[in-house]
Amino acid sequence: MKKNKGILSLIAMILLLVLLGYTTVYGVGKAKTGAARNIKLGLDLEGGVSITYEVKGKTPSTEDMGDTIYKLQKRVEQYSTEATVYQEGDNRINIEIPGVTDANEILSELGQPGSLYFISQKDSAGEYNYSNINNTGDTALDWTLNKTIEELEEDGSIVLSGNDVKSASAEMNTNQTTNQNESVVSLSFTEKGTEKFAEATKKAFAAGESIGIYYDGAFVSVPNVQAEILDGRAQITGMASYEEAERIASTIRIGGLSLELEELRSNVVGAQLGEEAISTSLKAGAIGLAIVFVFMCIVYLLPGFASSIALLIYTGLMIVCLNAFEITLTLPGIAGIILGIGMAVDANVIIFARVREELGAGRTVKTALKTGFQKAMSAIVDGNITTLIAAFVLNWLGSGTVKGFAQTLALGIVLSMITALVITRLIIYAFYAVGLKRPKLYGKAKAVDKPVDFLGKRKVFFIVSIVLMISGFVFMGVHQGKGDGALNYSMEFQGGTSTTVTFSEDYSLEEIDSQIVPVIEELTGDKNVQVQKVQGSNQVIFKTQTLNLKQREAFNRAMVENFQADESSIMAENISSTVSSEMRQDAVLAVIFATICMLLYIWFRFKDIRFAGSAVAALVHDVLVVLAFYAVARVSVGNTFIACMLTIVGYSINATIVIFDRIREELKIKKRKDELSDVVNRSITQTLTRSIYTSFTTFVMVAVLFILGVSSIREFALPLMVGIVCGAYSSVCITGALWYVLKTKISKEK
């Protein structure tokens, strides 16, 4: 790069920083797109709408409630991936949607849950099941049933029910005849629904009849069947507008529930974690980034300064993209961003470590920079793609918290690769072009006389790891035997108690966090109390682990004596877990499938299944060790537990890939006299500083969050810190040794 180009590149980077800074503060256009204040926040960070439904009729079965909750969860994810649905009492269902302030708008869009039926036009005797009595253009007014639902069910005229519908959405299509855009409703059916629909459309098409869609006492649509449909996918055409198509699609979506529900109440609620949690998290992020900047500049000099500028650009791009892509940010989402920052730093550390090695070998600065970027490329790309595969699978198969984490993680990975491989490269080459060419500015790697003998201590490492993993199961068994539960499950996993308190004065969220919550934590022993303030009233909802009668009495007494609450208005209800068994199953399946995909990718890239097997074994090791920490320390297991485990999986695999990449490189230049153990030890030693520095910078980000955060934030940050240390340990001490054992035992290579 010539001097003029270098100056232009630096000016471009400065302008990009200014532009990103302006965008994050003020936004672009009338919608203020890109502004940090417009990022969609989850219920834990911002608040939203809370809607309570009650089941019509008799008390439902556990299976019906579970099915309805899971289907509602899938439907409210159209508003936010972080929306939650859970059971309250025996026959109530709560829906909480973040970032929304108009409950009536949500209720009208979501629809009134009820029974949905697909009805054939004629029965088996040829008599009409429904008739057109008006011509107003309103389907609900124009069409009426000639029989009761019970009669239709008896003679088999109901061809499908709402349970047979898999999805319904409004779309814009181009009419092949008129070449005009038109609004349609696209439907897809379950496996059983596909069979039923194929049979129903075959009969209706042959007779030139319609199939009426009937919901909650009125017809939604009465489309004519224009073909026999065998693949379980159909479209309803003839909509007057896109709004009409969306209304019909929404009605069909909400109609496929196992139970009929009616609205009991709706509230606008404040953030669960409170204002203090948000402000301290932002402050912690800023302090953590500042420490990372100083560290990188001290250790890597000019390249460290270049990477700091690139990290500022990364942070700005992250904020803008979160806004632009309308990703809902929650505490688990913040974990994804922290992991993204860690991986962005990691990529720069890999590059600069390579550059310093080249300088130490006597290369010129220009050659060292070029070679350093080239040699670092494979480790960065493989590590990031492996984690990106996991993020895509988690977003595809997961739901709720898992999906939100996966979105922020995927975005962070893509941006970290761009900043490391493009932005940092441009900046460092620009510095060189404008005259900053002295080797001292770029550092020089100290020569390592002798590699550390990690393999010689492998038995010790394996024993330590096995003891740590087994200890978790031992402690879980002991706690289970005492009746305390294997793990300290929070209300998100095993349900809890929701207590509504009406105070005599209007406490702010900050006052509730600092004054009231510590009292509740002391009484209940629950360090993960969730708070929701009902807007426009003095009511506050406290969600805790399940309280027994004695704890409830103590809770009520404390609220009355210390905070002048109205005792007669204190209401407590048992609530189900917000992470349903289906969501947990989705998360487990997503992680298993993601692990398989990562294994296959590593096998493909490294041409040796022993690399893949060792990497996956290290992942299992890290997860089990952190699980042991949860069991021993009795840290509450809730939504943040899932985010913590997923973060560790993404972080650990990246560290392992770096070491494996160096082993692969060393094997290519291995001499006959070189022992395989020497190759592995040399590879681990050469990447040791990278492992330490990357772990340190990521650890600092989380540690500051732990020091400054409120109790619920600390409950999340502490096991994450353990996971970061464990990931560094396993990548350095376990993975290389495990690969060596598999290599020598299977191939008999010495």
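The values are calculated or read from the model by the stated rules, or taken from the named source; none is laboratory data. From a predicted model like this one, the values you see are computed outputs, not experimental measurements. For neighbour counting, all protein chains shown are included, and Cβ atoms are generated from backbone atoms with ideal geometry for every residue, glycine included. Note: areas computed on protein heavy atoms with side chains; ligands, DNA, RNA excluded. Shrake-Rupley method; radii C 1.70, N 1.55, O 1.52, S 1.80 Å.
Would you call residue 516 open to solvent by less than 10 Å² (accessible area, probe 1.4 Å) and at pLDDT 85 or above?
yes
So, of the residues in segment 52-71 that are of a type in the set (Lys, Arg) and in a loop (DSSP other than H, G, I, E, B), which turns out to be farthest from residue 261 (Cα to Cα)?
58
Among what's in segment 315-330 and is open to solvent by less than 10 Å² (accessible area, probe 1.4 Å) and among the hydrophobic types (A, V, I, L, M, F, W, C), pick the residue that is modelled with the highest pLDDT.
Filtering first and then ranking leaves 318.
Looking at 698, 689, which is the one that is in a helix (DSSP H, G or I) and surrounded by fewer than 20 Cβ atoms within 10 Å (Cβ to Cβ)?
After applying the criteria, what remains is 689.
For residue 224, all conditions in the list (1) in contact with a strand residue (DSSP E or B) (Cβ under 7 Å, 6 or more places away or on another chain); (2) open to solvent by less than 40 Å² (accessible area, probe 1.4 Å) hold save one; what is the number of the exception?
(2)
Do we find a residue being aromatic (Phe, Trp, Tyr) and modelled with pLDDT under 85 anywhere in segment 595-611?
No; the residues of segment 595-611 include none that is aromatic (Phe, Trp, Tyr) and modelled with pLDDT under 85.
Among the numbered criteria (1) assigned to a helix (DSSP H, G or I); (2) at pLDDT below 90; (3) not small (Gly, Ala, Ser), which single criterion is violated by residue 467?
Every listed condition holds for residue 467 apart from (2).
Scan segment 366-387 residue by residue and report those that are among the hydrophobic types (A, V, I, L, M, F, W, C) and either surrounded by 19 or more Cβ atoms within 10 Å (Cβ to Cβ) or not in a helix (DSSP H, G or I) (or both).
Passing the criteria: 368, 369, 373, 376, 379, 380.
Being at pLDDT 90 or above and open to solvent by 30 Å² or more (accessible area, probe 1.4 Å) is the filter here; which residues of segment 628-641 pass it?
629, 632
When you scan segment 593-618, how many residues do you find that are open to solvent by 10 Å² or more (accessible area, probe 1.4 Å) and under 14 Å from residue 726 (Cβ atoms)?
1
Can you tell me which residue in segment 701-721 is farthest from residue 353 (Cα to Cα), limited to those that are assigned to a helix (DSSP H, G or I) and among the β-branched types (Val, Ile, Thr)?
For segment 701-721, the residue satisfying everything is 713.
Yes or no: segment 104-123 includes at least one residue that is surrounded by fewer than 19 Cβ atoms within 10 Å (Cβ to Cβ) and either of a type in the set (Lys, Arg) or modelled with pLDDT of 85 or more (or both).
There is at least one residue in segment 104-123 that is surrounded by fewer than 19 Cβ atoms within 10 Å (Cβ to Cβ) and either of a type in the set (Lys, Arg) or modelled with pLDDT of 85 or more (or both).
So, in segment 205-216, of the ones that are within 15 Å of residue 119 (Cα to Cα) and without any contact (Cβ under 8 Å) to a residue 40 or more places away in the chain, which residue ends up most open to solvent (accessible area, probe 1.4 Å)?
In this case the residue turns out to be 205.
Cβ contacts < 7 Å: first residue farther than 13 Å from residue 387 by Cβ and in a helix (DSSP H, G or I), restricted to segment 583-606; second residue at pLDDT 75 or above and of a type in the set (Asp, Glu), any location; separation 6+ or different chain. Result?
Partner pairs satisfying both residue conditions: 605/382.
Just give me the residues in segment 677-705 being out of contact with any Gly (no Cβ under 6 Å at 6 or more places or on another chain) and under 17 Å from residue 450 (Cβ atoms), in sequence order.
Of everything in segment 677-705, those that are out of contact with any Gly (no Cβ under 6 Å at 6 or more places or on another chain) and under 17 Å from residue 450 (Cβ atoms) turn out to be 677, 678, 679, 681, 682, 683, 685, 686, 687, 688, 689.
Restricting to segment 462-488, what's the tally of residues that are of a type in the set (A, V, I, L, M), farther than 25 Å from residue 739 by Cβ and open to solvent by 40 Å² or more (accessible area, probe 1.4 Å)?
2
State which residue is surrounded by the fewest Cβ atoms within 10 Å (Cβ to Cβ) when the search covers only segment 569-592 and only residues that are modelled with pLDDT under 80 and out of contact with any Gly (no Cβ under 9 Å at 6 or more places or on another chain).
Applying the filter and picking the extreme gives 585.
Say we look at segment 35-65 and pick out the residues that are at pLDDT 75 or above and among the acidic types (Asp, Glu); which of these is surrounded by the fewest Cβ atoms within 10 Å (Cβ to Cβ)?
Filtering first and then ranking leaves 63.
Please give the number of the condition residue 349 fails out of (1) at pLDDT below 85; (2) closer than 19 Å to residue 388 by Cα; (3) in a helix (DSSP H, G or I).
(2)
Residues are listed down the side, and each one gets a yes or a no for (1) farther than 28 Å from residue 606 by Cβ; (2) modelled with pLDDT of 80 or more:
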{"position": "379", "(1), (2)": "no, yes"}
{"position": "382", "(1), (2)": "no, yes"}
{"position": "400", "(1), (2)": "yes, no"}
{"position": "420", "(1), (2)": "no, yes"}
{"position": "429", "(1), (2)": "yes, yes"}
{"position": "441", "(1), (2)": "yes, yes"}
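Mind listing just one residue for me: the one in segment 230-252 that is open to solvent by less than 40 Å² (accessible area, probe 1.4 Å) and in contact with a helix residue (DSSP H, G or I) (Cβ under 8 Å, 6 or more places away or on another chain) and, of those, modelled with the lowest pLDDT?
Per the criteria, the residue is 250.
Just to be sure I understand, how many residues within segment 164-179 are open to solvent by 70 Å² or more (accessible area, probe 1.4 Å) and not in a strand (DSSP E or B)?
4
Can you say whether residue 19 is surrounded by 13 or more Cβ atoms within 10 Å (Cβ to Cβ) and in contact with a Pro (Cβ under 7 Å, 6 or more places away or on another chain), as far as the supplied structure shows?
Here the answer is no, as residue 19 does not meet what is asked.
Look through 559, 476 and report the one residue that is touching a residue at least 60 places away in the same chain (Cβ under 8 Å) and assigned to a helix (DSSP H, G or I).
That would be 476, the only listed residue that is touching a residue at least 60 places away in the same chain (Cβ under 8 Å) and assigned to a helix (DSSP H, G or I).
Output yes when any residue across segment 1-13 is at pLDDT below 75 and among the hydroxyl-bearing types (Ser, Thr, Tyr), and no when none is.
For segment 1-13, residues at pLDDT below 75 and among the hydroxyl-bearing types (Ser, Thr, Tyr): absent.
State the number of residues belonging to segment 263-305 that are closer than 21 Å to residue 717 by Cβ, modelled with pLDDT of 85 or more and of a type in the set (Gly, Ala, Ser).
1
Name every residue in segment 491-513 that is closer than 23 Å to residue 640 by Cβ, buried (at least 16 other Cβ atoms within 10 Å of the Cβ) and either touching a helix residue (DSSP H, G or I) at 6+ places or on another chain (Cβ under 8 Å) or among the aromatic types (Phe, Trp, Tyr) (or both), in order of residue number.
492, 493, 497, 499, 509, 512, 513
For segment 486-511, how many residues meet the condition of being at pLDDT 80 or above and of a type in the set (A, V, I, L, M)?
Residues meeting the conditions: 3.
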